[in-house]
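Trainee: Here it is, the structure, as structure tokens.
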Amino acid sequence: MAIGWGVIGCGGIADRRTIPEGIIAAPGAELVAVQDVAQERTQEVAQARGVAGYATVEELLADDNVQAVYIATPTHVHHEQTLAAAQAGKHVLCEKPLALTIEECEASIAVCADAGVKFGTNFMMRFHACHVKIKEMIDSGQLGTPVLGRAELTCWYPPIPGAFRQIPELGGGGSLIDMGNHCIDLLEFFFGKVAQVTCFTGNLVQDYQTEDTAVVAMQFENGAVGMVDTLFNVPDAAARNMLEVYGSKGSMVTKGTIGQDSAGSISSILESGDKEYDAAQVRDAGSAEEIIEPDVSNMYEAAVQGFCEAIENDTEPPISGADGLWSHKVIDACYESAKTGKVVAVD
């Protein structure tokens, strides 16, 4: 039987992507209810999807048909909504970041554990078919020794009155905590945990309290290094949203796989044998390049389905609350580095 889902915060990414491509599409899920603080939006989505629309979170959580909730609200209410859902016996898949602080993340994990409900973090980009393929190729040794990874996520995000991503007390930060955590999580998916970071943030274009520019240099526990750049100040049409991974046997590069789309391809240049030093350093990518196009699988559907299977099989969600907590620790270390100008170890 399909898991009945309620959505808390049914506008934005929920209505645009997660509801139609994830909850409705996943064979193990069924959308049964939605809620939003904007009543007009609630009714629009409820009528369009043919489900119950509730005025308050409490009303949605009282619906016995709701077994799991997807929380897609502003960051500052994630914690209280997670606690309410857990206390109502509902499993929780929460958008990142899980909360405003590490302490709130830890409390959310503890309450969900005490209530016996699953708690997951929605880092859906791990499920992108190209990213899954890159992970498989790295793990099988085709990249050789991992050396460097780079991920960028950019959009145009001008000042908007009341926008939570532009107010530190509501969103916790700007481009780094909103988009950079996706990029860092993806590089950790490939290379393992980050050990230490150096970060620079600033406001170069947009005039609001949170950063519109963030660049992170990081070293992973395995010694590989990485770079992440996230910007709220470059036009969408100009954004490359590149992903690059390099190793002792070659490279894999994607374009457009970081973001909200499930399509894409991998440009791979890999060598199977040992290579001697070439003083001419000939770079003839065309003769060695292989374009890899994995069968497209929707990453929102895969994320929701994986969470449903965790409920059905009583296993840990594929991306757990602990993963969300770790992400918050890495981001906190980045902000500390940006503030102090020092390299910061991730605890």
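Trainee: Do we find a residue being touching a Cys at 6+ places or on another chain (Cβ under 9 Å), in the same structural domain as VAL228 (by TED's automatic domain parsing) and either within 30 Å of ILE71 (Cβ to Cβ) or in contact (Cβ under 8 Å) with a residue 12 or more places away in the chain (or both) anywhere in region 270-291?
Mentor: no
Trainee: Quick one: which strands (runs of 3 or more DSSP E) lie wholly within region 137-254 and hold at least 1 residues that are among the polar types (S, T, N, Q) and closer than 22 Å to THR75 by Cβ?
Mentor: Fully inside region 137-254 and qualifying: 146-154, 194-202, 213-220, 225-231.
Trainee: Then there's this: Kindly provide the set of residues from region 15-27 that are in a loop (DSSP other than H, G, I, E, B) and touching a strand residue (DSSP E or B) at 6+ places or on another chain (Cβ under 6 Å), ordered by number.
Mentor: The one that is in a loop (DSSP other than H, G, I, E, B) and touching a strand residue (DSSP E or B) at 6+ places or on another chain (Cβ under 6 Å): ILE24.
Trainee: Mind listing whichever residues of region 131-151 are closer than 16 Å to SER265 by Cα, among the charged types (D, E, K, R) and in contact (Cβ under 8 Å) with a residue 12 or more places away in the chain?
Mentor: Of everything in region 131-151, those that are closer than 16 Å to SER265 by Cα, among the charged types (D, E, K, R) and in contact (Cβ under 8 Å) with a residue 12 or more places away in the chain turn out to be LYS133, LYS135.
Trainee: Can you spot a residue in region 2-16 that is in contact with a Pro (Cβ under 8 Å, 6 or more places away or on another chain) and either surrounded by fewer than 22 Cβ atoms within 10 Å (Cβ to Cβ) or assigned by TED's automatic domain parsing to the domain that holds ARG165 (or both)?
Mentor: yes
Trainee: I've got another one for you. Is region 258-268 home to any residue that is surrounded by 11 or more Cβ atoms within 10 Å (Cβ to Cβ) and more than 16 Å from HIS131 (Cα to Cα)?
Mentor: no
Trainee: Can you tell me which residue within region 207-243, out of those that are among the hydrophobic types (A, V, I, L, M, F, W, C) and buried (at least 24 other Cβ atoms within 10 Å of the Cβ), is nearest to ASP185 (Cα to Cα)?
Mentor: So, considering only residues that are among the hydrophobic types (A, V, I, L, M, F, W, C) and buried (at least 24 other Cβ atoms within 10 Å of the Cβ), the one nearest to ASP185 (Cα to Cα) is VAL228.
Trainee: Of everything in region 25-80, what is surrounded by fewer than 17 Cβ atoms within 10 Å (Cβ to Cβ), within 21 Å of ALA115 (Cβ to Cβ) and acidic (Asp, Glu)? Give them in sequence order.
Mentor: Within region 25-80, GLU58, GLU59, ASP64, GLU80 meet the criteria.
Trainee: Within region 273-289, is there a residue that is under 17 Å from LYS133 (Cβ atoms), among the β-branched types (Val, Ile, Thr), surrounded by fewer than 12 Cβ atoms within 10 Å (Cβ to Cβ) and out of contact with any Phe, Trp or Tyr (no Cβ under 8 Å at 6 or more places or on another chain)?
Mentor: No - not one qualifying residue is present in region 273-289.
Trainee: Another question, if that's okay. Would you call GLN35 within 19 Å of ARG165 (Cα to Cα) and in contact with a Ser or Thr (Cβ under 9 Å, 6 or more places away or on another chain)?
Mentor: So GLN35 fails the test.
Trainee: Do the conditions hold for GLY180, that is, is it at positive phi and either assigned by TED's automatic domain parsing to the domain that holds GLY144 or of a type in the set (Asp, Glu) (or both)?
Mentor: no
Trainee: Separate question: Within region 109-144, take every residue that is among the charged types (D, E, K, R) and closer than 23 Å to GLY180 by Cβ and give me the one that is surrounded by the fewest Cβ atoms within 10 Å (Cβ to Cβ).
Mentor: Looking at the filtered set, the residue picked out is LYS135.
Trainee: So, one more: What are the pairs with Cβ atoms under 8 angstrom where one residue, in region 166-177, is over 13 Å from HIS328 (Cα atoms) and of a type outside the set (Gly, Ala, Ser) and the other, located anywhere, is at pLDDT 95 or above and not in a loop (DSSP other than H, G, I, E, B)? Sequence gap at least six, or different chains.
Mentor: GLU169/HIS76; LEU170/THR75; LEU170/HIS76; LEU170/PHE164
The values are calculated or read from the model by the stated rules, or taken from the named source; none is laboratory data. The structure presented is a predicted model; accordingly, all values stated were derived computationally and were not measured. Note that we place each Cβ from the backbone using ideal geometry, even for glycine, and neighbour counts take in every protein chain shown.
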